[in-house]
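**Q** After the structure tokens below, expect a handful of questions from me.
Read-outs throughout are calculated quantities, based only on the coordinates presented, and are distinct from any laboratory measurement. Small disclaimer: the values here were computed from a predicted structure and weren't measured. Note that we place each Cβ from the backbone using ideal geometry, even for glycine, and neighbour counts take in every protein chain shown.
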Amino acid sequence: MGRIFAAGGIVMWPLLLFSLVAIALIIERLVFWFRINRRQRQVMQEILRAYRQAPVDAHTKLRQSVNLPAARIFLEALEIEGASPKQFHLALASAMQAELPHLRRFNTMFATIISVSPLLGLLGTILGLITSFDALQLDDIAANASVVTGGISEALVSTAAGLVVAIGTLLFANLFRGLYRRQMALIQEYGGQLEILYETHYERQQQLVQEGAYVRS
């Protein structure tokens, strides 16, 4: 393995750095999405049931689950007291937008690694070929054969390493994009149900207020 790394030339060092960064970010994202997908659907269903029966209990459950994106979004919207259904919808949309950077975290870094790694491999290819061509002396080809093959080896190894780093990172980046889209669909689904419950609760409160005013009059 060490001989292969050395054969790749100088571009193997930034590729090694990119691979280590990609591995660290992939592990972080895998842990992040595992924690969310393991319990979020069940928690959201419990919160909606609690809000249907007693909104105060739903607030308590939301505060206990603030490590979930959907819970943070719902809690931020519900903390606006006396909001109309339209205002609640706007608050929910604003909270969702604020949560997006957490769900799409490291996407830019993944895109950079995927784009730059093959270019570094191509750079290694060019450097290796330059080394090989410099060693090609018509009057002494046999003496420089090892240098020529070394340059060709550098070209091939660096290209392969760049592609491996880019392809591996791309596979996980696509996985995380799929999880992100699934998460957004889930938030929108339960957010729509919460809006319906909120509007029903709001209309019931308004009706009670009107009835109380009528009785006092």
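**Q** Can you give the helix-only mean residue ellipticity at 222 nm for the chain, where every DSSP H stretch with n ≥ 4 adds -39500 (n - 2.57) and the sum goes over all residues, rounded to the nearest 500 deg cm²/dmol?
**A** Value at 222 nm, helices only, nearest 500: -31000 deg cm²/dmol.
**Q** Which of Gln64, Val43, Ala95 sits closest to the plus end of the dipole of segment 30-102, meaning its Cα is farthest towards the positive end, when Lys and Arg get +1 and Asp and Glu get -1 on the C-beta?
**A** With unit charges placed on the Cβ atoms, the residue in question is Val43.
**Q** Hey, another quick one. In percent, how large is the relative contact order of the chain, given Cα pairs closer than 8 Å and 6 or more residues apart?
**A** Reported as a whole number, the value is 28 percent.
**Q** On to the next question. Which of Phe32, Phe74, Phe18 ends up with the largest GNM mean-square fluctuation for the chain, with Cα atoms connected below 10 Å?
**A** Phe32
**Q** How would you rank Val164, Val43, going from fewest to most other Cβ atoms within 10 Å of each one's own Cβ?
**A** So the ranking, lowest neighbour count to highest, is Val164, Val43.
**Q** If I model a spin label at Ile10 and Arg52 as a point 7 Å from the Cα along the Cα→Cβ vector, what separation in nanometres do I get?
**A** In this crude spin-label approximation the distance works out to 6.7 nm.
**Q** Okay, moving on. Multiply the residue gap between Ser115 and Arg41 by 0.36 nm, knock off their C-alpha separation, and tell me the result in nm, one decimal place.
**A** Fully extending the segment from Ser115 to Arg41 adds 23.1 nm.
**Q** In whole Å, what is the distance between the alpha-carbon centres of segment 64-96 and segment 26-51?
**A** 17
**Q** Could you point to the label whose value was computed as mean projected area of the Cα convex hull in nm² for the structure here, given (1) 15.0; (2) 12.9; (3) 11.2?
**A** Given (1) 15.0; (2) 12.9; (3) 11.2, the structure-derived one carries the label (1).
**Q** What is the angle, in °, between the Cα long axis of helix 69-78 and the longest principal axis of the Cα atoms in the chain? Nearest 10 is fine, range 0 to 90.
**A** 30
**Q** Return one number: the angle in degrees, 0 to 90 and rounded to the nearest 10, between the long axis of the Cα atoms of helix 12-53 and the longest principal axis of the Cα atoms of the chain.
**A** 20
**Q** Could you please rank Trp33, Trp13, placing first whichever residue has the fewest other Cβ atoms within 10 Å of its Cβ?
**A** Exposure proxy ranking, most exposed first: Trp13, Trp33.
**Q** Given the Cα-Cα distance of Arg177 and Gln207 and 0.36 nm per residue of separation, how much length would full extension add, in nm?
**A** The Arg177-Gln207 span can extend by a further 6.3 nm.
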